[in-house]
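The values are calculated or read from the model by the stated rules, or taken from the named source; none is laboratory data. Owing to the predicted nature of the structure, the values given are computational and were not obtained by experimental measurement. Backbone-built Cβ (ideal geometry, glycine too); neighbour counts: all protein chains shown.
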Amino acid sequence: MAVRPRKERRGNWRQPPVFMAAGAVTGAVAVAAGLYEGWRGQLELAGGVAVVLLGLALWYAWLRRGAESLAAGAQVVGPMLWSVLAWMAYRVLLPFSSHFILLPAAVVAWLFTAYPVQALGGTLFVILLMEAGLVVIGRQTVEGLGANLLAYGALSLALAFFASSKAHRKRMREVLARARRDAENEASARDFGLLEEPTDILAGLPLEAVPENPDRYSRPALEVITAAFANQLALARESLDCTTVALMWPDPDKAQLRLRGHASTRDDVLAGPFPVGLGITGALVGAQQEVAACRSQGSLPQVPYYRRQERVGSIFALRVPGPEEGGWLGFEDKRVTPILCADRESPAEWSEEERTLLRLIAGQLAQDLAIGRRLQALEDERGAFQRVCVALRELNGVLGLDQVLQATVRVVKLLVAADFIAISLLAEEEHRIAMAEGKEAGRLQGLTFPREEGLVGQAMKIGRCLPANTECHGPMPVFSSGQRLNGYQSLLVIPLLKEKGEPLGALTIAAQAAGLFTRTRQDILELIAAQVAVKVNLGQAHEQINRMATMDGLTGLANHRTFQHGFEMMVERAQRRGSPLCLILCDIDHFKQLNDNHGHPFGDQVLRKVGELLQGAVRTVDLAARYGGEEFAVVLEDSDHKGGLKMAERIRREVELLTLQHQREPVRVTISLGLAIYPVDGEEKATLISRADQALYRAKQQGRNRAVAWETI
């Protein structure tokens, strides 16, 4: 079907507006007059001329788009406009670099390659006008003019030679052939229903989750359908001794038919499109299922896919039955269906056996299409399950609790287009938002709520997903009645449960889109949530093991090994920064007597209380540790002799004021402290520890319950 020219919309294209050519000449005169040499003082005039010419050039490009042919006058205008614009840009940019001469040279080369030579007379005229004008006004020498023209000509010849080379033509043919093939494949995939809505398991994937196959359809599925159609049509043609057996398929708008496969002995078969109802297909627009015609019974209807209506003795056309129950997928009008058409030179009527065979062929075509669509669905599901496997591998690759929480957020975003994700963890009688991402995440992260409050608390209590219909109707009390989520239409709170059903926390996912959490998608997310629960449990155990390895189990302070490593790091940092450092060694006075008189459980209580006091006294940049037995160590960054004594005295007073009860009797505790300062008392870790220990020994000798600095010994 020929494309009609667009004269009624665009006017008479073969007679282009004269003012376009006049504008190009005016622009060339402006360049020749030096308007673009040091143009900053003439910004409005020069810029106005350039804008007008650019507008004319874009208008020309728009008019030229889709035109089947151009008159000679129309072909002249465009190259003139583009060349003048290139010269304007070149003269403006020339002061910055002489290499900008490549700009007009490249434009000239392109014009001589893209347009016929007879259309470039006007272009040569404006180029010579501009170059000669620049010579006249003294902006260019005659030698420069010759060099420029030589450069333009050389580059044009080089580009023309390249464009005409065998390798270039072969490459361009391959590119064009591939583009046509891809376009045809996509059109066929659309007709065959391979670009319909994806399967439920795949539909909710985020847009950024790029599938393994970059096409929107499965090439194997399309190849299976195409090959099956070709075999069936060839079989029908050979079996019935037909001239052509063709399968005509409706376009998406159902107004036209196109060939989607044929087997023929003729060379004038057209691919379409054909209007629905043309020729033999007109008898099948209504409720008629098949139609037969032969020349022996009168005139024949037109065969749509032939260029020449000759050597046709009989025709048989029938509807292809739909592969889905109720008709063809995506066809609102059930009367518009694919049509199988067979013709031959013989004028004989079609026998019942021949009709039956064509009906079977049509049914087999529908079955082949159903198989191809099923293959597409399996490909979609394979891609979705690949994402599930990637998600599980992502979770299995981390160990620490923070890493598990971060991986969980990434996994959920990989599997579903969520706008808000939160992970709540249960701690005794409250649940805390340990990780959140999305709108209002910064406000919610770290907040704690009573154990059973909100949908999160209820989901953990009953061990089931909430809400039941996964829909939001207004603000939802997800975490508490005071902390509601608003602006979402889909919501799913999945409890994180241990193997025995004990709650660990909950995974909250929300999206602005409605109906996101279908049953299939919810099952996948629950599967992921079960794996998340296992990893959270392991992550918490891993953190506990880490704490046990680095912390003293009785006091909660750093243990001796951690102190040694931390103190070494702090000394090295003080050396780099040139700042002081204070080490305080502490020893509880008469601790053995406390154990002997009141028992070891009471001694443990004393150690815990002293540890709490030390932990509360130091800053986050400092280090408090249990050195061993009843001894403690404190390292203070950026603290000299004065600051260290002040902290030591504070610790001594707080311990002295500490009153513990044993069998309803008050027990008083005191502590002795020794200080050493880096670098005045030593620059090595061992030296500082030794001198702080000597200062502590002197504090014991002087009566205990006091702080002594090594420099005062």
Quick one: is Leu247 assigned by TED's automatic domain parsing to the domain that holds Ala366 and in contact with a His (Cβ under 9 Å, 6 or more places away or on another chain)? yes
Within the range 205-256, the residues that are modelled with pLDDT of 65 or more and among the polar types (S, T, N, Q) are Thr226, Asn231, Gln232, Ser239, Thr243, Thr244, Gln256
What number of residues within the range 132-175 satisfy the criterion of being assigned to a loop (DSSP other than H, G, I, E, B) and either closer than 26 Å to Ala33 by Cα or modelled with pLDDT of 70 or more (or both)? 5
If we ask which residues in the range 136-148 are surrounded by fewer than 15 Cβ atoms within 10 Å (Cβ to Cβ) and without any contact (Cβ under 8 Å) to a residue 40 or more places away in the chain, their number turns out to be 7
Checking Thr520 against (1) modelled with pLDDT of 80 or more; (2) surrounded by fewer than 17 Cβ atoms within 10 Å (Cβ to Cβ), which single condition isn't satisfied? (1)
Is it the case that Leu525 is in the same structural domain as Cys472 (by TED's automatic domain parsing) and part of a loop (DSSP other than H, G, I, E, B)? no
Is the range 459-471 home to any residue that is over 17 Å from Ile423 (Cβ atoms), surrounded by 21 or more Cβ atoms within 10 Å (Cβ to Cβ) and in the same structural domain as Asp419 (by TED's automatic domain parsing)? yes
Give the range 615-636 a look and list any residue that's crowded, with 19+ Cβ neighbours inside 10 Å, part of a strand (DSSP E or B) and not hydrophobic (A, V, I, L, M, F, W, C), or say none. Arg626, Tyr627
Just to be sure I understand the filter: pairs with C-beta atoms under 7 Å, separated by 6 or more residues or on different chains, first member in the range 575-591 and on the phi > 0 side of the Ramachandran plot, second member assigned to a helix (DSSP H, G or I) and of a type in the set (Gly, Ala, Ser). Which pairs pass? none
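If you scan the range 520-570, which residues turn out to be under 30 Å from Gln489 (Cβ atoms), touching a helix residue (DSSP H, G or I) at 6+ places or on another chain (Cβ under 8 Å) and not polar (S, T, N, Q)? Reasoning before the result, please.
From the range 520-570, those under 30 Å from Gln489 (Cβ atoms) are 520-533, 535-536; that's our starting set.
Next, from what is left, pick out any that are touching a helix residue (DSSP H, G or I) at 6+ places or on another chain (Cβ under 8 Å): 520-521, 524-525, 527-528, 531-532, 535-536.
If the condition is that a residue be under 30 Å from Gln489 (Cβ atoms), touching a helix residue (DSSP H, G or I) at 6+ places or on another chain (Cβ under 8 Å) and not polar (S, T, N, Q), then Arg521, Ile524, Leu525, Leu527, Ile528, Val532, Lys535, Val536 are the ones that fit.
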Kindly indicate whether any position in the range 641-654 is at pLDDT below 95 and in a loop (DSSP other than H, G, I, E, B). no
Looking at the range 673-698, which of its residues are within 18 Å of Gly643 (Cβ to Cβ) and not in a loop (DSSP other than H, G, I, E, B)? Leu673, Gly674, Leu675, Ala676, Ile677, Tyr678, Leu688, Arg691, Ala692, Ala695
Can we say Pro495 is surrounded by 13 or more Cβ atoms within 10 Å (Cβ to Cβ), in the same structural domain as Ile421 (by TED's automatic domain parsing) and within 23 Å of Arg410 (Cα to Cα)? yes
Of the residues in the range 287-306, those that are at pLDDT 85 or above, in a loop (DSSP other than H, G, I, E, B) and buried (at least 18 other Cβ atoms within 10 Å of the Cβ) come to Val303, Pro304, Tyr305
Just one of the numbered conditions (1) in contact with a strand residue (DSSP E or B) (Cβ under 9 Å, 6 or more places away or on another chain); (2) in contact (Cβ under 8 Å) with a residue 24 or more places away in the chain is not true of Thr520; which one? (1)
